[in-house]
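Contents: one structure, followed by commentary.
Rule-based calculations on the coordinates, nothing more; no lab input. None of the values given here were measured: they were computed from a predicted structure. All Cβ positions, glycine included, derive from the backbone under ideal geometry; neighbour counts span all protein chains shown.
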Amino acid sequence: PFRIAVFASGKGSNFQALVDAQLSGALGGDICLLICDKPQAPVVELAAAANVDTFVFEPKEYASKEEYERNIAAELQQRGVELIVLAGYMRLLSPSFVEFYSGRIINIHPSLLPAFPGKDAIGQALAYGVKMTGVTVHFVDGGMDTGPVIAQKAVEIKKGDTAEVLAERIHHVEQKLYSEVVSWFAQRRISLNGRNVTIAE
Ligand code: GAR
């Protein structure tokens, strides 16, 4: 099977959506590992409930990023992971890790990149006053939310939206889109050429 590792730090709604897609047969791959940098994060429980192996670590217990990433890389290699799916992993990967897995790491971000990169993209969009925002799935490169775009979906901001209401609308779109994009990878339909991403029919 096509082996997938998910990296997450929080609630895990995208992780759960990917697990559900796998169970329904729509993913076409096997989520064999969760990597989490927050031992208390709800996503850790979700992985246990789904019988997904976990590597949970406390960054501050390691001397450096390189040191915990060496442990992560060993876990990935043991399982023959082919695709790394960042799903609310709120930590930058080191340039050497990104380089090593180049073309095999994807991220989901709650805005239409290049607008509103970084933290709290939903709050940034509301504060800016845009009428339209959305979701981006992209390859990870050395920058912060700067890699080649794979897929985007627009989400309207409606009058009176609070951050919570808008976040819920965005999360709904994220969960559907991410499983779809991962299934394209499992079917080997995605190719990357410079910044140009094409999806085969
Ligand atoms: C998602 O909305 C994801 O797009 C965002 O974190 C949330 C995680 O939710 N990621 C970023 O902001 C990355 N810069 P989840 O834990 O429920 O999947």
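Numbers at a glance
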item	result
If the convex hull is drawn through the Cα atoms of the range 83-199, its volume per residue in Å³	93
Inter-part distance where the range 142-201 and the range 2-36 are each reduced to a Cα centre, Å	16
Cα-based radius of gyration of the range 2-69 once divided by 2.2 N^0.38 Å, which approximates compact folds	1.15
Rounded to whole Hz, the Karplus (6.51, -1.76, 1.60) HN-Hα couplings of the range 152-167, x for glycine and proline	9, 9, 7, 10, 6, 9, 9, 3, x, 4, 8, 4, 5, 5, 5, 4
Under-5 Å amide H pairs with GLY88, H placed in peptide plane, nonlocal only	ILE108
Extension gain from MET90 to LEU192, taking 0.36 nm per residue of separation minus the Cα-Cα distance	34.2 nm
Computed log₁₀ I(q)/I(0) - Debye formula, equal Cα scatterers, no solvent, the range 100-140, q 0.18, 0.32, 0.34 Å⁻¹	-0.50, -1.09, -1.18
Directionally averaged shadow of the range 130-201, computed from the convex hull of its alpha-carbon atoms, nm²	5.8
Signed unit charges on C-beta, dipole axis of the range 109-177, positive-most listed residue ILE157, TYR128, ALA167	ILE157
Rounded to whole Hz, the Karplus (6.51, -1.76, 1.60) HN-Hα couplings of the range 139-149, x for glycine and proline	5, 8, 10, x, x, 8, 6, 10, x, x, 7
Ordering of 51-59, 173-181, 8-16 by packing [mean C-beta count within 10 Å, highest first]	8-16, 173-181, 51-59
Estimated distance in nm for a label pair at LYS158 and ASP53, the labels positioned 7 Å out from Cα along Cα-to-Cβ	4.4
Counting DSSP beta bridges with both ends in the chain, the antiparallel % (nearest 5)	45
Debye equation applied to the C-alpha atoms of the chain, log10 I(q)/I(0) at 0.08, 0.15, 0.16, 0.18 Å⁻¹	-0.25, -0.93, -1.07, -1.34
Charge dipole (debye, nearest 20) of the chain; +1 at Cβ of Lys and Arg, -1 at Cβ of Asp and Glu	460
Net length gained if the chain between ARG79 and ALA200 were fully extended (0.36 nm per residue, minus Cα distance)	40.8 nm
